[in-house]
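Below you'll find the structure, written out as structure tokens, and then a few comments.
The values are calculated or read from the model by the stated rules, or taken from the named source; none is laboratory data. This structure is a prediction, so every number in the text was calculated from the model and none was measured. Glycine gets a Cβ as well: all are built from the backbone with ideal geometry, and neighbour counts include every protein chain shown. Note: areas computed on protein heavy atoms with side chains; ligands, DNA, RNA excluded. Shrake-Rupley method; radii C 1.70, N 1.55, O 1.52, S 1.80 Å.
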Amino acid sequence: MALYAAAAAVLAGVESRQGSLKGLVYGSSFQNVKQLYALVCETQGYSTVAFQDIHAQGFLSSFPHPQVLVYELLLGRGFKGRGGRWKPLLDRHQARLKAELARLKVRRGVSQNEDLLEGGSKPGPASQVPRFVRVNTLKTCSEDAVDYFKRQGFSYQGQASSLEDIRALKGKRFLLDSLLPELLVFPARTDLHEHPLYQAGHLILQDKASCLPAMLLAPPPGSHVIDACAAPGNKTSHLAALLKNQGKIFAFDLDAKRLASTATLLARAGVSCCELAEQDFLEVSPSDQRYRQVQYILLDPSCSGSGMLTRQLEEPGTSVPSQERLRALAAFQQRALSHALTFPALRRLVYSTCSLYQEENEDVVRAALQQSPAAFRLAPILPSWPHRGLGTFPGAEHCLRASPETTLTGGFFTAVLERVEVPSSVSQAEASAPEVTPNPAPKRKKKRRRKATAAPSSQPGM
């Protein structure tokens, strides 16, 4: 019941104005921040309607966290966990709870649970974004992961050929992404937090747009890479997988708690090539001999987070930053990007944010390029990607944007900057940028030919 107790505490804190939803979630002692954040956001969307009407029936007073439990049991993914002495109570009242939900829908004249949401909270395009799952190639491969899910009763539909294929996903069907060969796609709201492969570090729950930075940076094995603002660590683990744990990742972040979470994630993912440092990237000296071989930098700095899928479910007003905050964020982002471009051996950099605002995206990139007009340029990337950068300056079309409406992902921005001339300290053979060529999709096998090995021996047999 720890998850439900933590969610109830966060909701109570928001109601009593003790802090913002996100701040209270990150301040909680509950370890799985993403799972807690998702449950709190989803529960809050229904809290003013379904819960109040059902709670008015009076039989929920004996429940320890009724608001969260009612949502999870009736509207969410179903009660999870052992639950101690509360599990028999939930089981005993489950039929009555479902009956009350049915009566509530009749009284409101609706047929779908989503219709119980108030007008401002009704799910939009973000609610249709699928669950993307990156296979951690440090521990397994896509084919073995596909085999494992098939033996669990999931139906593998092959490689997606269009967004329509993804929109059509339902139930226990899943696809392989057409761009990233290690990315699996499940229907929206598929919960894999308690899946044995996720808990063992074989799967990383990561949105497709968030996978683009490491994929586009594409450092070959043996490279030295800087992850300038590393927490929470998903992109860092992706970089390590691309490096095959060969080479070096210097990962920086100022937040000690988030850096500790990053360390936990990287350890679970089997990352051994990363050096974590609780340090401001702006204070990292490009002339330090430790970084003399750094040719690749991933810069995903603090931003407004306006593209994050869960932001629309937060308390009103938190998703719209003030102009003052936007200016402050953009100034920091510009300093960070300009600083990154001063590393002497650098030849390729990815700048990304989960922001929708031009001030944090195209404007930052344009300012950095104006400071180094002869040294760096925007690299043309993914010409078939449907959502391009805003046309605010020549070449901005080389930037990528993402959104629930256009790419079925979270809101995101990505730009790749490459050095016009390779530094003399870097050999010409090393300088050839690797091509991003997706691997063939695992075949939809009619009969399993061999035993897969994605899960550790302590987990259910692969």
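General observations
- Residue-level accessible surface for residue 393, protein heavy atoms, 1.4 Å, Å²: 30 Å²
- For region 166-181, Karplus couplings with θ = phi - 60° (6.51, -1.76, 1.60), whole Hz, Gly/Pro x: 6, 4, 7, 4, 8, x, 9, 8, 8, 10, 9, 5, 7, 9, 9, x
- Contour excess over end-to-end distance, with Cα ends at residue 256 and residue 162 and 0.36 nm allotted per residue: 29.7 nm
- Heavy-atom accessible area ranking, 1.4 Å probe, most first, across 182, 194: 194, 182
- Net charge contributed by nearby residues that have their C-beta within less than 13 Å of residue 163 (K/R +1, D/E -1): -2
- Here region 125-205 is assigned +1 on the Cβ of each Lys and Arg and -1 on the Cβ of each Asp and Glu. Its dipole about the Cα centre then comes out at about 240 debye.
- Annotation: amide H of residue 131 within the under-5 Å range of 186, 188, 189, 190, sequence separation 5 or more or interchain, hydrogens built in the peptide plane.
- Near residue 348, the amide H atoms lying under 5 Å from its own belong to 297, 419; only residues 5 or more places off or on other chains count, and H is placed 1.01 Å from N.
- Per residue, region 181-269 exposes 28 Å² of solvent-accessible protein surface, assessed with a 1.4 angstrom probe and all protein chains in place.
- Once the C-beta distance of residue 388 and residue 94 is scaled by a Förster radius of 45 Å, the resulting FRET efficiency is 0.35 to the nearest 0.05.
- Cα-based shape type of region 125-205, given that a ≥ b ≥ c are square roots of the gyration tensor eigenvalues and the cut on a/c is 1.5: prolate
- For residue 158, the amide hydrogen comes within under 5 Å of the amide hydrogens of 176, counting only partners 5 or more places away or on other chains and with H modelled in the peptide plane.
- Taking all protein chains as they are arranged and a probe of 1.4 Å, the heavy atoms of residue 392 leave approximately 40 Å² accessible to solvent.
- Annotation for residue 323 and residue 179: the two label points, set 7 Å from Cα along the Cα-Cβ direction, are 3.4 nm apart.
- FRET efficiency, residue 107 to residue 199 (Cβ-Cβ, R0 41 Å, nearest 0.05): 0.50
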